[in-house]
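Notes to accompany the following structure.
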Amino acid sequence: MFDSLTGKLGEIFERLRKRAALTPADVDEALREVRLALLEADVALPVVKDFIAKTREKAVGQEVLRSVTPGQMVIKIVHDELVRTLGGRVGSGGSEAEAGDIDLAAVPPVVILMVGLQGSGKTTTTAKLGLRLRQRDRKKVLMASLDVQRPAAQEQLAVLGQQAEVKTLPIVAGQPPVDIAKRAVMAARLEGCDVLLLDTAGRLAIDDALMAEVAAVRDATNPHETLLVADAMTGQDAVNVARGFNEKVGLTGIVLTRVDGDARGGAALSMRAVTGRPIKLIGVGEKLDALEPFHPDRIAGRILGMGDVVGLVEKAAETIEREDAEKLAKKAQKGQFDMDDLVSQLRQLRRMGGLGSMLGMLPGIGQMQKQIAAAKIDESLLRRQEAIVMSMTKAERRNVKLLNASRRRRIASGSGTSVQDVNRLVKQFEDMTRMMKQMGKLGQKGLMRHGLPGLGLGRPR
Amino acid sequence: MSGTESSGGGWLKRLAAGLKRSSSRLSEGVSGILTKRRLDAAALAELEELLIAADLGPATAHELAQRIAKDRFDKDVGEREVREALAQEIAAILAPAARALAPDPARKPHVVLVVGVNGSGKTTTIGKLAKLHRDEGRRVMLVAGDTFRAAAVEQLKIWGARTGAPVVAGAPNADAAGLAFSALEQARRDGADLLLIDTAGRLHNKADLMAQLQKMIRVLAKVDASAPHSVVLVLDAGIGQNALQQVEAFKEMVNVTGLVVTKLDGTARGGVLVALARRFGLPVHAIGVGEGADDLRPFDATQFARALLGLAE
């Protein structure tokens with residue numbers, strides 16, 4: 001989401017890099033651009049001012065190390081200040097998420113209260129968190145929706161609970177929020193739950209009646225965590241929202257949603273700075289497992305075009321099943337790699353978020369990502385190739401040699417592509433299998449290291 | 001959810017009240033800067049920052065501040081004068097955008113596709129639109145095209161019951177395009193005047209989800225080559241400059257014909273509307289100022305600009 005800001009700062013520092021020495025005027029020029037970029041990224045004005053002042057203070061009079069250019073020096077200062085503002089620790093490797101995750105160190109059932117504006121993603125985030133606590137932390141979780149405002153909100157959580165295999169409190173029509181909350185605590189206690197997640201109705205921080213209601217819920221349930229769920233696209237209002245909720249309900253953390261969008265996400269900086277509360281988790285997709293810890297320095301790194309390499313490696317490790325990879329390697333070695341295997345490869349690529357999202361994590365690739373987006377070769381190509389294979393019969397998938405002209409025509413019309421597309425895929429596939437056989441002789445390590453060549457996708461140069 | 005209030009003059013008050021928080025801060029700020037002061041460079045910079053803080057965006061804010069300064073620079077100016085002038089400038093930018101959603105009576109039905117990112121308020125807006133057009137005597141039919149989000153169908157059904165508009169729904173995770181197709185056929189048979197199609201929320205940078213919307217449009221065109229007659233993008237007033245990217249993407253992919261801006265009853269100032277109007281010139285059909293069925297109102301540029309600057313009584 002911070003990509004556009006990355007581009008902006010990249011340009012500025014590109015210019016700075018070319019100079020031999022950094023004059024005070026250079027610092028000012030850079031910071032003017034940084035200020036503008038931050039404002040366009042929706043960082044709230046007071047936070048921007050504060051940030052610029054601090055950065056200038058640090059940049060001016062700073063001794064430029066001999067081994068780096070002045071531009072690099074400014075980048076480092078801005079980066080460190082960004083990390084610090086986002087709540088990270090600077091220096092000593094400093095890669096760990098700050099006190100990061102949800103704090104469960106309390107007498108069970110640990111109550112977690114979710115609050116936020118309408119449409120910020122509370123219900124989805126509650127279910128995501130429920131799933132995460134159940135799977136990752138092996139906790140017994142109960143979820144309850146106190147949203148009696150929005151039609152069918154309670155049903156929504158119930159359905160999501162089924163999907164996440166997390167229990168939800170049975171719905172009693174007409175019960176007011178505080179009563180539902182009390183009933184939820186009782187139920188969680190009786191059923192021996194470790195964690196109770198309370199989803200609330202969306203409300204405005206200036207709606208005194210509804211804020212009093214959520215405060216009453218808080219007093220009745222004594223939550224250990226109160227999380228503000230906020231949209232990464234939020235504009236200048238982020239400060240009002242964060243401050244309002246913090247003052248009236250008291251927050252322990254923030255969950256930022258829709259980080260998979262292309263908003264520059266200045267709200268993250270704003271809310272962190274205004275409340276002093278950590279951003280604990282980020283929502284990165286519509287699926288229930290798309291909830292990740294927030295890493296200040298990684299995101300600051302992305303802002304500055306340094307790329308999120310750690311994130312890429314982690315994502316790869318998470319998505320690619322080791323066993324699958326080994327099985328595939330064996331098949332390939334024996335020359336048994338078939339079209340079905342190709343499809344599973346394509347799907348794996350897609351599961352990793354497609355080329356676009358992977359490239360976004362690589363350093364210095366922001367510009368290229370734009371070109372790729374412009375060329376639209378990312379997801380659609382993978383999908384089209386998958387469609388072609390899916391339009392083949394089982395026999396054809398096992399044995400490409402069956403594919404005569406008439407079959408290829410059928411496959412093309414079945415997959416909505418052209419015969420040329422089909423030919424290209426078959427050619428790629430044949431190249432791949434040939435290469436695999438050769439590599440099989442080199443040993444399977446070669447394959448694991450080089451991945452599958454010949455897909456004709458990336459060639460990022 | 002009262003859904004029964006319906007005084008014609010009441011909405012102005014409601015809008016003013018809704019915008020009060022945002023406007024009071026902005027207007028206090030303006031008074032603070034300019035009560036008895038020379039409009040110099042520093043004052044101008046502060047004025048610009050006030051506009052930025054209202055989400056007008058740095059570029060628009062700069063331009064507006066410059067325009068205000070044109071005839072007044074280095075003169076002593078009253079705070080009221082500056083506010084009036086700002087309101088006029090903003091109203092002038094917004095005026096062409098104030099066009100209500102007017103269903104074409106020749107169409108049976110006039111098909112409206114409602115799109116937007118997740119959580120922007122599409123379903124609620126459809127509920128309110130249904131109320132509005134039912135009150136004007138139209139036969140309205142709703143399509144629960146959000147087959148992805150859990151309980152979205154139930155949510156729309158409740159709005160259908162509230163407003164007396166039939167709701168066409170399919171199975172969860174059903175193909176939304178197929179649903180839209182059969183709904184349009186049914187609406188034709190039933191002689192509906194207005195068909196409001198809900199869609200699943202989607203981020204504008206997800207190419208595959210946007211392609212699904214395009215498919216819906218292609219499929220609708222099979223029943224009626226001119227459908228959809230309107231594509232309404234619902235925008236949350238709380239979003240900042242990303243609104244520009246959103247409008248751009250939705251406009252390019254599904255040819256958006258108008259906007260509805262929601263949640264203007266909070267502290268969000270909706271200033272991004274000014275930037276949007278300058279760049280895209282799309283009609284703003286209505287604004288949402290609350291959760292009730294009546295809390296959707298036509299967009300009035302002058303009222304909006306004056307309310308934003310604390311000049312509406």
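The values are calculated or read from the model by the stated rules, or taken from the named source; none is laboratory data. Here the structure is a predicted model, which means the values were calculated and not measured. Cβ coordinates were reconstructed from backbone atoms using ideal geometry, including for glycine residues, and neighbour counts include every protein chain displayed. Side chains included, ligands, DNA and RNA excluded: accessible areas come from the protein's heavy atoms. Shrake-Rupley method; radii C 1.70, N 1.55, O 1.52, S 1.80 Å.
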Fill in the blank from the handout: Once both label points are put 7 Å beyond Cα along the C-beta direction, the A:D340-B:D135 separation in nm becomes 6.1
Problem - Using a Förster distance of 35 Å, the FRET efficiency for A:A173-B:R279 (Cβ separation, nearest 0.05) - result: 0.15
Exercise for the section: Report, in order of residue number, the helices in chain B meeting two criteria: a C-alpha extent of 15 Å or more along the helix axis, and a mean Kyte-Doolittle hydropathy of at least -0.5; treat each whole DSSP H run as one helix. Expected result: B:10-34, B:41-53, B:58-69, B:79-94, B:152-163, B:176-190, B:207-223, B:242-254
Fill in the blank from the handout: Between A:E29 and A:A105, Cβ-based FRET efficiency (R0 45 Å, step 0.05) works out to 0.40
Completion exercise
Counting only residues 5 or more apart in sequence or on a different chain, those whose built amide H sits under 5 Å from that of B:H110 are B:L194, B:L195
Practice task
Mind checking A:226-239 for the average number of partner chain beta-carbons within 10 Å of each residue's beta-carbon?
Solution key: 6
Practice task
Using amide H atoms built 1.01 Å from N in the peptide plane, name the residues 5+ places from A:D262, or on other chains, whose amide H lies under 5 Å from its own.
Solution key: B:N205
Completion exercise
For region A:110-312, the count of lysine pairs 8 or more apart or interchain whose alpha-carbon atoms are under 27 Å apart comes to 28
Handout entry: Residue of B:G116, B:G292, B:G127 that the Gaussian network model of chain B assigns the largest fluctuation, springs spanning Cα pairs under 10 Å
Key = B:G292
Exercise for the section: State the antiparallel share, in %, of DSSP beta bridges confined to chain B, rounding to the nearest 5. Expected result: 20
Fill in the blank from the handout: Pseudo-spin-label distance A:T393 to B:A42, built 7 Å along Cα→Cβ, given in nm, is 8.5
Handout entry: Area hidden from solvent between B and A (accessible, protein heavy atoms only, 1.4 Å, total, Å²)
Key = 3500
Fill in the blank from the handout: Residue-normalised value, i.e. accessible area per residue, for region B:110-300 at 1.4 Å probe, in Å², stands at 31
Practice task
Per residue of A:152-162, count partner chain C-beta atoms within 10 Å of its C-beta, then hand back the mean as an integer.
Solution key: 4
Handout entry: Within 10 Å of each Cβ in A:190-200, the average number of Cβ atoms from other chains
Key = 0
Fill in the blank from the handout: Between the modelled labels at A:K327 and A:E430 (7 Å from Cα along Cα→Cβ) the distance in nm is 2.9
Fill in the blank from the handout: Rounded to the nearest 5, the percent of antiparallel DSSP beta bridges in region A:110-312 equals 10
Fill in the blank from the handout: Cα-Cα pairs in region A:110-312 separated by more than 30 Å, as a whole percent of all pairs, come to 17
Completion exercise
With every protein chain in place, the residues of region B:37-78 shedding 20 Å² or more of accessible area versus the chain by itself (probe 1.4 Å) are B:E49, B:I52, B:A53, B:D55, B:P58
Fill in the blank from the handout: Per residue, accessible area of region A:110-312 with a 1.4 Å probe, heavy atoms of protein chains only, in Å², comes to 32
Exercise for the section: Report, in whole Å, the centroid distance computed from the Cα atoms of region A:145-208 and region A:264-280. Expected result: 27
Exercise for the section: List the residues of region B:226-275 whose accessible area drops by at least 50 Å² when all protein chains are present, compared with their chain alone, using a 1.4 Å probe and counting only protein heavy atoms. Expected result: B:N242, B:Q245, B:T267
Practice task
With springs connecting C-alpha atoms under 10 Å apart, model chain B as a Gaussian network and identify which of B:D300, B:D224, B:D40 has the largest mean-square fluctuation.
Solution key: B:D40
Problem - Among B:A106, B:A243, B:A225, residue whose mean-square fluctuation peaks in a GNM of chain B (springs only between Cα atoms under 10 Å) - result: B:A106
Exercise for the section: Under 17 Å from a label point 7 Å along Cα→Cβ of B:Q88: give me every residue in region B:44-69 with its amide N that close. Expected result: B:64-69
